[in-house]
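Beneath this line is the structure, given in structure tokens, with notes to follow.
The values are calculated or read from the model by the stated rules, or taken from the named source; none is laboratory data. Please read these numbers as outputs of a predicted model, since none were measured by experiment. Here the Cβ is made from the backbone with ideal geometry for all residues, glycine too, and neighbour counts use every protein chain on show. Calculation scope for accessible area: heavy atoms of the full protein, side chains included, ligands and nucleic acids excluded. Shrake-Rupley method; radii C 1.70, N 1.55, O 1.52, S 1.80 Å.
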Amino acid sequence: MERTNYNGELRLQDVGKKVKLVGWVSTRRNLGAIEFIDLRDNTGLVQLTIQDSSKVPDVRNEYVIAVEGVVAKKEQPNPKLDSGEVEVLVSSLTIVNKAENPPFIIADKTDALEDTRLQYRYLDLRRPVMLNNLRTRAKIVKLTHEYLDANRFLEVETPILNIATPEGARDYLVPSRLHHGSFYALPQSPQLFKQLLMIGGIERYYQIARCFRDEDLRADRQPEFTQIDVETSFMDQDQVLSLAEGMIAKYFKEIVGYEVTLPLRRMNYWDAMDNYGSDKPDTRYELYLHDLKAVLEKSSFEGFKGARYIKGLVIPGYAEKTSRKALDELQLEAKKFNLKGVLSLKFVNGALEGSFTKFLDEETQKALIASLGLKNGDLLLFASSPYRRDIDFGLGALRIRYAKELGLVKPGTYDLLWVVNFPMFDKIEGTENQYTAEHHPFTRPRDEDLPKLDSDPESVLAYAYDIIINGYEAGGGTLRIYDHDTQWKIFRLLGLSEEEVAHKFGWFIDAFKYGVPPHAGFALGLDRVAMILCGTDNIRDVEAFPKNLHFSRLYEALPLNAPISIAYFGDRNPG
Ligand code: ASP
């Protein structure tokens, strides 16, 4: 179709030009004899003015039309539109296609339910905010190419039909037609392939990689997602972190105009857990977890006798705002983190209040008030647990919840940091010495911790790092093991037998015999980074066709006996 200009780009300098425009009818208004139509295309809106409304055919919202006309200066500019200083005086209008009345209004502000938006995603995508989100996402990819190309990285694709790559989630499986009864796994990440590329001498690899993990959905998680996946040889941890943060700083600068101060600060994993109750701490607000073991073990409360961990969280000024019911509801939350419950005390008129005071003598009360620096009106929540991570994660979840309620997070602020020195292993609760890998089994233990692999694996820390932005894990990576013996040791500690290793990773482990360079890498979650830069907390807003929480409607999995022409199994495949 002939089109001379894009609607949202018309400006004063175009006044007097004859133009041909196309697009969707956004709104139509009638002012006596004059008719106004806002015409939308992917650049925005322009106002069309038709002097004689009797000549306007019956156009309605979302009709596709083509018009011809002349650009004129608007007497009363519309500051809400980029093209608001001009209008187009229409001489001809053709209806290209009609549209039914859409189920919701096509505008940035919408009260449509998300399920409705997903069902009619093609209409939802006409909302400028959604198009902008997709543009931001595409810009991140473009900046990535620029940055990594300039740093000598080579883009390489790796297979989608694989044998499993361990990243801690379940695999999606695809039945094989040729090898009847066998399955491929979709990649949770290109982890093993990118390591093989290093062994293959590529030295610097990247890929905008699709990954698939069969996990529960969350506001910030989708089962299929995209990673900016990077691997490099011959770089130490500082070099890798500086490479990654340079790229992130570029996104922030060029997309939201924010100067990130480099180098980013680094926080040890256990400091993050102890103080913020999270391995992805939102450090935009000052609300910390406190160790109360020394004070509260002196209480007469039976539940605290011999407790390994007793910790608390002070919610400033909340004593009078909370209700019995709200505190009761916290118990449910606590249970999600394996805590028996959450206790509370209020500090009002210079004294502690609450049924727990009966377990505290005067001296302990004083010590508690002093150690926490309690102020009138503060609410103290506290709990105990035999497990460090349970108590940290439990109170950490409350920290986030109250920060939201108290409005401690200022919109439009950013905080970026690295969490480093993760533990190598996660002990499987309730077992004597069974472990899972905190990252993945190819992560390198810190040199100084190697001797502890046999004696005290739980305390071994790894060269592992996560980049945290506003409390989201935006990405992470590790230095990799590059010697055969350590790799085998780790497999053994993870309880894998020789047969299992040979079966699962034989193809990978064999390569360790042929000169492996020291290598390392990281992956950024493109969707999460886009989400943060678009200022939304819903990952589905930065994907064209995401899954909703129950995978329903458009993007539903098909039943195996679905009457479709794509065959699932060899014997149903006509070809
Ligand atoms: N493959 C890792 C992940 O997906 C990232 C890395 O270690 O490079 O989390």
Round to a whole angstrom and tell me the spacing of the C-alpha centers of region 144-202 and region 492-524. 14
Roughly how big is the chain's charge dipole about its Cα centre, with Cβ charges of +1 (Lys, Arg) and -1 (Asp, Glu), in debye to the nearest 20? 1420
Once normalised by the length of region 64-159, the mean sequence separation of its alpha carbon contacts under 8 Å that are 6 or more apart gives a contact order in percent of 20
Describe numerically, in nm with one decimal, the distance between label points set 7 Å from Cα along Cα→Cβ at THR486 and at LYS298. 4.6
In nm, spacing of pseudo-spin labels at THR94 and SER182 (7 Å Cα→C-beta vector): 5.7
Summing -39500 (n - 2.57) over every DSSP H run of at least 4 in the chain, dividing by its residue total and rounding to the nearest 500, the 222 nm mean residue ellipticity is -7500 deg cm²/dmol
Along the dipole axis of region 149-297 (charges at Cβ: +1 for Lys and Arg, -1 for Asp and Glu; origin at the Cα centre), the most positive-end residue among GLY277, PRO175, CYS211 is PRO175
Efficiency of FRET from Cβ geometry, ARG218 and ASP58, R₀ 51 Å, rounded to 0.05: 0.65
With a probe of 1.4 Å, find how much accessible area region 122-203 has per residue, and write the answer as a whole number in Å². 53
Per the 1.4 Å probe, what fraction of the accessible area of region 380-440, in percent, lies on carbon and sulfur atoms? 51
Expressed as a whole percentage, what fraction of the accessible surface of region 291-352 belongs to carbon and sulfur atoms when a 1.4 Å probe is rolled over the protein heavy atoms? 54
How high is the relative contact order of the chain, in percent, counting Cα pairs under 8 Å that sit 6 or more residues apart? 13
Given Cβ point charges of +1 (Lys, Arg) and -1 (Asp, Glu) and nothing else, what value in debye, to the nearest 20, does the dipole of region 471-529 about its Cα centre take? 120
Whole-Hz couplings from phi, Karplus 6.51/-1.76/1.60, listed for region 302-313; x for Gly and Pro: 4, x, 9, 5, x, 5, 6, 10, 10, 9, x, 9
Region 115-176: trypsin sites (Lys or Arg not before Pro) in DSSP coil with no more than 14 other Cβ atoms inside 10 Å: ARG152
Between PHE104 and ASP510, what FRET efficiency comes out of the Förster formula 1/(1 + (r/R0)^6) with R0 = 56 Å and r the beta carbon distance, rounded to 0.05? 0.50
Flagged links, alpha-carbon separation over 32 Å, of LYS375/LYS410; LYS253/LYS280; LYS142/LYS194; LYS109/LYS311; LYS253/LYS513: LYS109/LYS311; LYS253/LYS513
In whole angstrom, how far apart do the alpha carbon centroids of region 61-133 and region 279-297 sit? 50
Amide H to amide H, which residues 5 or more places from ASN268 or on other chains are under 5 Å from it, using H placed in the peptide plane? VAL420
List HIS519, HIS439, ordered by accessible area with a 1.4 Å probe, largest first: HIS439, HIS519
Carbon and sulfur atoms account, in whole percent of the 1.4 Å probe accessible area of region 97-223, for 51
Provide, as a two-decimal number, the C-alpha radius of gyration of the chain over 2.2 N^0.38 Å, N being how many residues it has. 1.19
At most 14 other Cβ within 10 Å, DSSP loop - trypsin sites (Lys or Arg not before Pro), region 373-424: LYS375
Under the definition of Cα pairs under 8 Å and six or more residues apart, what whole-number percent is the relative contact order of region 323-395? 40
State, to one decimal in nm, how far the label point of ASN376 lies from the label point of LEU31, with both points 7 Å from Cα in the Cβ direction. 5.9
